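The values are calculated or read from the model by the stated rules, or taken from the named source; none is laboratory data. Quantities reported herein were computed from a predicted structural model and do not represent experimental measurements. Positions of Cβ are generated from backbone atoms using ideal geometry, with glycine treated the same way; all protein chains shown enter the neighbour counts.
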Amino acid sequence: MRFPLLTIGLVAMAAAAHADYLGDRARPIVEASHAEIRAVHLGRHMARGRWEELLDETLYSLAPKGKWGPDHPAWATARAALAKALREASVTALRGETGTWIRKVVDEHYSSLEPDEIARAAAYYETPAGRTFRDFREKVLAENAYGLPYVIETKSHETMRTEMEEARQKLLNLPDEQTSQVYEFNQSKTGELLMGIENNIIADVIGNIMRSELGALMHGDDGEAIARAVRAAVPNMPPQSPRVYLGTVTMRPDRTLDVVIEYHDGDRLAGTYPFSYAPNALHWQDVANGVPGIQPGEKRFLYRDPQGRLSDKP
Amino acid sequence: MSTRATLLALLIGAAVLAWAVPARAWDDATGSLDMPWLGGGGRARLFTKKSFCMMCPTGYSFHRSWGAAGASGSDPYSEVGAALRFLKKKGILDTWPEAIGEGSVSDGKETIDPRAAPYRFTIVMLQPTVVVMRFDLGALVKVGDFDPDQSIGTPWLNQGVEFGTRVPATGTLLWFSPDADQVPTPVAITRGEQGEHGEIVVQGKTLALERHGDAWSVRAPQRATGSAQRAIGSAD
C-alpha cells in the first residue's frame with residue numbers, strides 16, 4: 001500500500017514542480033507584458049457568441065419559449081439580471097480554478113520561448129515604448145470585451161472608449177525612436193511569435209475554457225441561486241412551467257402537420273428533428289390533439305407535459 | 001523435472017482447477033422491479049451473476065439474465081439488441097432520423113448509427129418478445145420521466161428500452177414482436193362502457209391491456225381464442 005501512495009505522491013510532486021518550472025521560466029515576460037489579463041480579455045472576446053447564446057437559452061429554461069421571448073416586456077430586464085448574476089459567478093470562478101487554468105495555459109505557452117527571447121521581450125515591455133504599446137493593446141482588448149463575463153468593469157463603456165482612444169493617440173505620437181522600437185520588436189521573430197501565441201493559441205484555448213465554464217455555471221451549485229436572483233429582480237417575468245418546449249407544428253394547405261422538434265444539448269440548439277404527418281397518417285391525430293383548431297398555414301409552438309401529453313399552451 | 005514439464009503440469013493443473021470450480025449460481029435481482037410477462041406464464045425474473053474473467057480489467061465479468069430462471073433466460077441487452085436489429089432488418093429503424101450528437105457505435109460486429117425515434121419502447125413480454133411502442137415526441141429529445149432501473153441501454157437508440165407491465169396512457173400504442181416476425185402495428189383498442197381495452201395477440205397468446213387512469217396495465221397472457229389467432233395471423 002505504501003509503494004503506490006509514494007508513487008502517486010511523487011508523480012503529483014513532479015507535476016507541481018513542472019508547473020512551477022514553467023511558471024518561473026515564463027514569469028518575466030508574463031509579468032512584463034501583462035499576459036494574463038490580456039489572455040483573459042482575449043478569452044472573453046472569444047466566448048462572446050457562447051455568452052449571448054447562453055443568456056437566451058437560460059432565460060428559456062426559466063420560462064419556456066412561447067411564454068416569452070425578446071419581445072416580452074420583462075425579457076430585457078431579466079436578461080440584464082441574468083447577465084449580472086452570471087458575471088458575478090464568473091468572476092468568482094476566475095479567482096478560483098478557472099483562473100488557475102488560465103495561468104497554466106499562459107505559463108505553458110510563454111515558456112516555450114527561449115530564455116534569451118523571454119529576456120529580450122521582457123526588456124522591451126519595460127521600455128517607455130513597450131509600456132505604451134502594452135497599455136494600448138490592453139485597453140483595446142478590454143474595450144472589445146466590455147460587458148462580457150469574467151471581469152466586471154468599474155468604468156463606463158464610454159470612459160473606456162475614451163481611454164482607449166487616448167492610448168491610441170499616445171502610441172501614434174511616440175517619439176520617432178520609440179516608434180521604431182515598437183515596430184522593430186513587433187516585426188522581430190520574438191515579437192511575431194508572441195503575437196501569434198497570444199492571438200491564436202492563447203485566445204483559442206482560453207476561449208474554450210471560458211465557453212465551457214460559462215455553460216457549467218448554471219448547472220453547478222450556483223445555478224439555482226442565479227435563477228432565484230433573476231426571478232427576484234424581475235417579478236413580472238412569466239412563471240416556470242411544468243411543460244417543456246419541444247418545437248413547432250405547422251399545418252400545410254392539405255392539412256399535413258409538419259413538426260420540427262428542437263434538440264437542445266448543453267444550453268445550445270444542437271439540431272432539429274423534422275417529421276411530417278399526413279392527415280391519414282397514424283400519428284396525425286396524436287399531434288393534432290395537441291394543437292386543437294389549428295388551420296392550414298398556421299404555425300404553433302408545441303409543448304409536452306410531464307405525463308407526455310402534447311399541447312400548444314406553455 | 002524439466003522446466004517445460006513443470007510448465008505443462010502447471011497449465012494442466014490450472015485447467016483442471018478452472019473446470020472443477022463450480023459455476024457460481026445466478027442471484028435473483030428482481031426485487032421490486034416491474035418485470036415483463038413470460039409467454040409460458042408468470043412474470044420474468046431478473047438474475048445476475050459475476051464470473052471470473054482473466055482478461056477483464058476488473059477481473060470479473062457481470063452477467064444478467066431474465067426469464068423463468070437464470071440459466072434458461074436470455075441476456076436483456078442481447079434481447080433488446082435483437083428486437084431493434086429486427087426493426088433495422090425490416091427497414092423501420094432507418095425511417096427515423098439519426099440521433100443528433102450520438103455519433104456511431106460499434107458493437108464488435110457492426111457499426112450502429114443510433115436513431116432518434118418518436119416513441120418510447122417497453123418490453124411487456126418475453127418468450128416471445130413483445131415490445132410496445134408509445135408515440136411520444138419527447139423521446140426524440142430525452143424529455144420525460146425515465147427510470148434507469150426499468151430500462152436496458154442500447155446503442156441502437158438515443159434512449160433506453162424500458163420493460164414492465166405499465167405504460168403511460170398518452171400517445172398511440174403500437175407493438176411488435178421479432179419472435180413472431182410481427183412488424184409494428186397499432187394495438188387494437190376498444191372503447192366500451194367498462195373503459196378502454198387493448199389487445200395484443202401473438203403466437204397463440206393474448207395480452208390484454210386495461211386502462212387505469214393515466215396508465216395502461218398489461219395483464220398476464222392468456223391462450224388466444226381461435227378467432228383472435230386467425231385475425232392476427234399467429235405464427236403458432
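Which condition number does A:ALA93 fail, the rest of (1) crowded, with 19+ Cβ neighbours inside 10 Å; (2) modelled with pLDDT of 95 or more; (3) out of contact with any strand residue (DSSP E or B) (no Cβ under 9 Å at 6 or more places or on another chain) being met?
Every condition holds for A:ALA93 apart from (2).
Identify the residue in the stretch B:48-73 that is touching a Gly at 6+ places or on another chain (Cβ under 7 Å) and within 21 Å of B:SER151 (Cβ to Cβ) and, among all such residues, is surrounded by the most Cβ atoms within 10 Å (Cβ to Cβ).
This residue is B:TRP66.
Taking the condition part of a helix (DSSP H, G or I), aliphatic (A, V, I, L, M) and out of contact with any Phe, Trp or Tyr (no Cβ under 9 Å at 6 or more places or on another chain), does A:ALA80 pass?
yes
Restricting to the stretch A:290-313, what's the tally of residues that are surrounded by fewer than 17 Cβ atoms within 10 Å (Cβ to Cβ), in a loop (DSSP other than H, G, I, E, B), away from chain B (no Cβ under 14 Å) and on the phi < 0 side of the Ramachandran plot?
Number of matching residues: 5.
Pick from B:GLY108, B:GLY103: which is within 14 Å of chain A (Cβ to nearest Cβ), free of Cβ contacts under 8 Å to residues at least 60 places away in the same chain and either out of contact with any Lys or Arg (no Cβ under 8 Å at 6 or more places or on another chain) or not in a strand (DSSP E or B) (or both)?
B:GLY103
Evaluate the following for A:LEU194: is it at pLDDT below 95 and surrounded by 13 or more Cβ atoms within 10 Å (Cβ to Cβ)?
Against the criterion (at pLDDT below 95 and surrounded by 13 or more Cβ atoms within 10 Å (Cβ to Cβ)), A:LEU194 qualifies.
Can you give me the number of residues within the stretch A:257-289 that are under 20 Å from A:PRO242 (Cα atoms), surrounded by fewer than 18 Cβ atoms within 10 Å (Cβ to Cβ) and modelled with pLDDT of 95 or more?
2
Which is outside any helix (DSSP H, G or I), in contact (Cβ under 8 Å) with a residue 60 or more places away in the chain and aliphatic (A, V, I, L, M), of A:LEU113, A:LEU42, A:LEU54, A:LEU86?
A:LEU113
Does the stretch A:129-137 contain at least one residue that is in the same structural domain as A:GLY43 (by TED's automatic domain parsing), on the phi > 0 side of the Ramachandran plot, surrounded by 15 or more Cβ atoms within 10 Å (Cβ to Cβ) and among the hydroxyl-bearing types (Ser, Thr, Tyr)?
No, that holds for no residue.
Can you name the residue in the stretch A:163-182 that is out of contact with any Ser or Thr (no Cβ under 9 Å at 6 or more places or on another chain) and either touching a residue at least 60 places away in the same chain (Cβ under 8 Å) or surrounded by 12 or more Cβ atoms within 10 Å (Cβ to Cβ) (or both) and, of all such residues, is farthest from A:VAL140 (Cα to Cα)?
The selected residue is A:SER180.
Out of (1) more than 27 Å from A:HIS264 (Cβ to Cβ); (2) among the aromatic types (Phe, Trp, Tyr); (3) within 14 Å of chain A (Cβ to nearest Cβ), the odd one out for B:TRP96 is which?
Failing condition for B:TRP96: (1).
Yes or no: the stretch B:112-123 includes at least one residue that is more than 10 Å from every other protein chain (Cβ to nearest Cβ), under 20 Å from A:GLY247 (Cα atoms) and outside any loop (DSSP other than H, G, I, E, B).
Checking the stretch B:112-123: at least one residue is more than 10 Å from every other protein chain (Cβ to nearest Cβ), under 20 Å from A:GLY247 (Cα atoms) and outside any loop (DSSP other than H, G, I, E, B).
Could you tell me whether any residue of the stretch B:178-191 is in contact with a Pro (Cβ under 8 Å, 6 or more places away or on another chain), under 28 Å from A:THR272 (Cβ atoms) and more than 11 Å from chain A (Cβ to nearest Cβ)?
no
Looking only at the stretch B:176-213, count how many residues are in a strand (DSSP E or B) and under 26 Å from B:GLY81 (Cβ atoms).
13
Conditions first: (1) within 13 Å of another protein chain (Cβ to nearest Cβ); (2) free of Cβ contacts under 8 Å to residues at least 12 places away in the same chain; (3) on the phi > 0 side of the Ramachandran plot. B:GLY91 passes all but one, so which condition is the exception?
The single condition B:GLY91 does not satisfy is (1).
Output the residue which, of all residues in the stretch B:136-171 that are at the interface with another protein chain (Cβ under 9 Å from one of its Cβ atoms), in contact with a strand residue (DSSP E or B) (Cβ under 6 Å, 6 or more places away or on another chain) and not in a helix (DSSP H, G or I), is surrounded by the fewest Cβ atoms within 10 Å (Cβ to Cβ).
Ranking the qualifying residues of the stretch B:136-171, first place goes to B:PRO168.
State whether one or more residues within the stretch A:247-258 are out of contact with any His (no Cβ under 9 Å at 6 or more places or on another chain), under 29 Å from B:GLU102 (Cα atoms) and among the small types (Gly, Ala, Ser).
So far as the stretch A:247-258 goes, yes, one or more of its residues are out of contact with any His (no Cβ under 9 Å at 6 or more places or on another chain), under 29 Å from B:GLU102 (Cα atoms) and among the small types (Gly, Ala, Ser).
For the stretch A:150-196, give me each residue that is closer than 19 Å to A:HIS34 by Cβ and hydroxyl-bearing (Ser, Thr, Tyr).
A:TYR150, A:THR154, A:THR190
For the stretch A:56-87, what are the residues that are among the aromatic types (Phe, Trp, Tyr) and at pLDDT 95 or above?
Residue satisfying the conditions is A:TRP75 alone.
Scanning the stretch A:239-280 for residues that are of a type in the set (D, E, K, R) and under 37 Å from the mean Cα position of the chain (by Cα), which turns out nearest to the other protein chains (Cβ to nearest Cβ)?
It comes out as A:ASP265.
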